Structure formats: C-alpha cells, structure tokens
1. Express the relative contact order of the range 101-152 as a whole percentage, based on alpha carbon pairs under 8 Å and six or more residues apart in sequence.
2. Once you put a point 7 Å from the Cα of R84 and another 7 Å from the Cα of N175, both along the Cβ direction, what distance in nm separates them?
3. Net charge around W121, counting only other residues with Cβ within less than 13 Å of its Cβ (Lys, Arg = +1; Asp, Glu = -1)?
Amino acid sequence: MKHSTALALTALTLAAAFSGVPAAAQERQGGGHGDRGDRAGQRDADRGADRRGDRSGDRGQHAPRADHGGAPRSAPLHHDARHRHDHYYPARGYIAAGLPGGALSIGHGAGHHYFHSGVWWRPHGGRFMVVLPPIGIVLPFLPSAYVSLWLGGAPYYYANGVYYAPAAQGYAVVNPPSGAEAAQPLPVPPPRGLPDPIIYPRNGQSAAQLEADRQDCNRWATTQPLALAEADVFQRAVAACLDGRGYTVR
C-alpha cells in the first residue's frame, strides 16, 4: 500500500511539473471543462500512442489532467517499471505547445529532435510530440535517471523505453540488445548526472529571452571540442556562452 501511494504521489508531482499547476491543485480540479475540440484531439493523440505501444512493454498509467483556458496543460503519464527503473514519464504521442525549459536540440539526419529529463520530442505541426528517438541518434550525456545493464560483455543504459550504448561522441540510441528482456540492473547504483545549473539574468532579461538564449547556447556548446563526449565540458561551454550574454551561472 505504501509503495502504490508513493507512485501515485510521484505521478501527480510529475504531471504538475509539465502543467505548471501544483499537484494538490490538480487533485482538486480533476478533469475540467475545456474546449471539446481540444479534448477530442488529445484523446486521438492518446489513442494513437496506445496503438503504437511502448517499446518497453509498459501499458502506461495516466495521472489526473486539468483543462486550462480550453487547452490541456498536463501530460498523460506512463510508469516505466522495466529493469526496475520505476519512473514516470509523459506518454508517447502527447503533444505540447512548447518544449520544456532547457531542452537540448540534437540534429539527426535531415531534422532535429529535442531531449529533456529522459524524454524525447520532435516538431509536430507547429507543436512538439513525445516520441521514441531514432536509432543512432547520439546524446552527449546520459539521462539524469537511468539503469545500468551488462549484456554480452558490454555496458548498456536504459531509461524510458530507450537503450543507450557508449559512442564516440556520447551515448547512442540502439535497438534492445540480445537478452535485454531477462536482464537485471547492476547492483551498484549508477552515477548521478550533473545537476541543472542555476541561471541569473544580470541585465534583467525576461524568462522568454533567457530560454531563447539557453537554447542558442545549447546548440553552440555542441560544436565545442569534447563537449559531446563529456557532460562537464558541455555544461562549461553552455555556462561560458550564457556569461557572454549577461547571465551568471552557478
């Protein structure tokens, strides 16, 4: 009972992080009465995600959502319990009007994908959809929460239905390795990712300007030597860029 209660609270908290509404407020508001077209569009996106399925094999769980101004602002969640990962993420197929703050832009093929806190996004008709990343795309550092695996004499890392393997410039998205279904996580907890920096606008820049500058600096940082191979180099490059634009980064 304690475990299920903790998972439910985790779901509410993560839903609030995507909606900008405290978990307690979401619990009070429940479903809301937004525009019928918006609700129908969201239901269609949810059904599409269910038909496609989650490569991790999870069925998914949805947290309470609330309509605000006729548009859903909280994300439907699924619980990823594979390999004892035990984390909640926005369901694939969920469409948002904008990206989370600090999302990293990564070029692959002819387009771009975006990454933030274990979740992959791609542009979708002027908005952004939660998706599975393409095989071969390289992330400069591992997600902040992941599971370490050892399969066939090689290390792999798992988070949110995605497997990563070490690559020359970071960690590449790969197909599930042979034996992944029965793999158990390594007993030693994986190292934590670097914490998100605190950014102070020295010149009174607005939140919108800060986000635009951070996106630009994220892109610029990926062009610097070793930034795609070492997370601390990447973050130092971002900090240097932001400092040049009038921000203090700690």
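1. 24 percent
2. 2.9 nm
3. +3
Each reported figure results from applying straightforward, stated rules to the coordinates on display, with no laboratory input. These numbers come from a predicted model, not from an experiment. Cβ coordinates were reconstructed from backbone atoms using ideal geometry, including for glycine residues, and neighbour counts include every protein chain displayed.
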